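Please read through the structure below; I'll follow up with questions.
Just so it is clear, none of the values below were taken in a lab; they were calculated from the coordinates. Quick caveat: nothing in here was measured; it's all calculated off a predicted structure. Cβ placement follows ideal geometry from the backbone for every residue including glycine, while neighbour counts extend to all protein chains displayed.
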Amino acid sequence: MNSDSTTTHQIGNDSQWVVLNSNSLGGMATIAGMFPYGETPLTYAMARSLAQFTDPNSVFNSLESGAVSQCANSFLILFTDGVDNNGNGPSNPNTSSPYLDGSGNFSALLGNQAITKTPSIIDTTGSAWNLFTYAGIGAHLSDASLGNQVGSDYMNALNPGSSTTYGIPEAFLPYAIFQRAGTTFALPHRVTTMTVGVGLGGLYNNPSSPKYSLFLAALVGDPNTTTGSLSLAHSFVPPVYNANGTVKTQNDWIPNPNDPTSYPGYGKKATNAIYYFDATNPTQLSQCLNVALLAVIASGGNQATSTPNLPYVGASLGSEVYLGKFTIPKVGGVI
């Protein structure tokens with residue numbers, strides 16, 4: 001970035017990473033200072049985000065140095081109010097993915113095999129250059145449990161100390177986390193993708209809707225789901241809370257049988273629910289992000305510190321605590 005976006009108008013085509021932990025106000029001011037560029041290159045955003053997870057000089061190293069966990073899970077939460085056009089192309093480009101067949105079925109193994117056979121399909125000129133294929137790659141391509149043939153059924157994670165830091169998208173396959181802050185993982189860490197559509201029109205299961213790509217990304221981007229059907233999956237419906245913070249209606253966030261007494265701070269998603277959140281108003285956006293953070297916490301065990309009190313969203317991750325509140329401006333406008 002050539003100028004300070006807090007003082008100089010910056011068109012929003014900057015891809016720098018901003019870590020909020022050490023200077024949250026400064027970081028948020030930098031982000032808020034950006035202005036719309038008129039395009040929504042979500043596939044670029046997805047690919048670069050996954051690459052950032054694997055970067056040997058990742059901005060996340062400063063947060064995890066000395067406290068790297070072999071059991072930690074990694075999440076990518078993509079939320080947008082725009083339609084993916086890959087920067088300058090048509091909306092919802094490249095609607096096919098090797099992880100999905102023409103009959104609405106999802107298979108992690110078949111997707112892996114297609115990508116390992118012809119990696120170029122995920123490059124910017126390839127037929128699978130879309131955000132949901134990348135979500136599938138981050139979740140499954142390094143999963144050795146899917147088959148016996150390395151290089152065919154799955155790919156070994158790249159060693160960040162010897163792998164490329166610049167190149168075409170296929171050069172970074174399988175977009176798995178081999179190492180963090182000098183600590184090598186016994187098994188490469190894969191990435192769970194969650195998506196949030198903010199004020200988007202149409203139905204999430206309609207291919208012509210801007211929600212569709214986000215819905216597919218959440219379906220194929222879950223490492224714990226290796227097969228599935230579009231006809232059975234549905235978007236995540238957050239719980240409804242009473243004024244005192246207790247749950248009125250569970251919807252798709254249900255008690256975890258391993259620790260039901262810690263619900264709703266600790267829970268699990270219902271069968272066939274996927275981590276696509278359809279936020280059509282500020283209240284739903286707050287609820288969706290709240291559940292997304294609860295799911296992140298639950299993935300590593302019961303670490304919830306308190307029952308959520310909407311419209312706040314919060315999470316306790318190690319020694320860092322995050323708390324946010326979404327406020328509607330009195331004169332209208334963005335949140």
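Can you check what the net charge comes to around Ala218, using other residues whose Cβ is under 11 Å from the Cβ of Ala218 (Lys, Arg +1; Asp, Glu -1)?
Result for the neighbourhood of Ala218: 0.
Are there chymotrypsin sites (Phe, Trp or Tyr not before Pro) in region 122-176 that DSSP marks as loop and that have at most 12 other Cβ atoms within 10 Å, and which are they?
Values: sites: Trp129, Phe132, Tyr134, Tyr154, Tyr166, Phe172, Tyr175; in loops: Trp129, Tyr166, Tyr175.
Loop-located and lightly packed - Tyr166.
Taking every Cα atom in region 181-296, find the radius of gyration and the maximum pairwise distance Dmax, and write them in Å.
In order Rg, Dmax, the Cα atoms of region 181-296 give 15.4, 46 Å.
Take Cys71, Cys288 and order them by how many other Cβ atoms sit within 10 Å, fewest up front. Intermediate values should be presented prior to the final figure.
Working: Cys71 10, Cys288 27.
Going from least to most buried by this count: Cys71, Cys288.
Sticking with this structure for a sec: Would you mind ranking Asp55, Asp84 by Cβ crowding within 10 Å, fewest neighbours first? Write out the running numbers ahead of the final one.
Numbers: Asp55 17, Asp84 28.
By the 10 Å Cβ count, ascending: Asp55, Asp84.
I need the shape label for region 219-287. Rule: rounded when a/c is under 1.5, else prolate if a/b > b/c, else oblate, with a, b, c from the alpha carbon gyration tensor. The partial results should precede the final answer.
Numbers: a/c = 2.53, a/b = 1.31, b/c = 1.93.
Judged from the Cα gyration tensor, region 219-287 comes out oblate (a/c at least 1.5, b/c at or above a/b).
Report, for region 130-279, the % of DSSP beta bridges that are antiparallel, rounded to 5. Write out the running numbers ahead of the final one.
Numbers: 8 of 16 bridges.
Taking every DSSP beta bridge within region 130-279, about 50 percent pair in antiparallel fashion.
Related question: Once you have a ≥ b ≥ c as the square roots of the Cα gyration tensor eigenvalues for region 135-194, tell me rounded if a/c is under 1.5, and otherwise prolate or oblate according to whether a/b is larger than b/c.
Details: a/c = 1.37, a/b = 1.24, b/c = 1.11.
Rounded shape, in that the Cα axes give a/c under 1.5.
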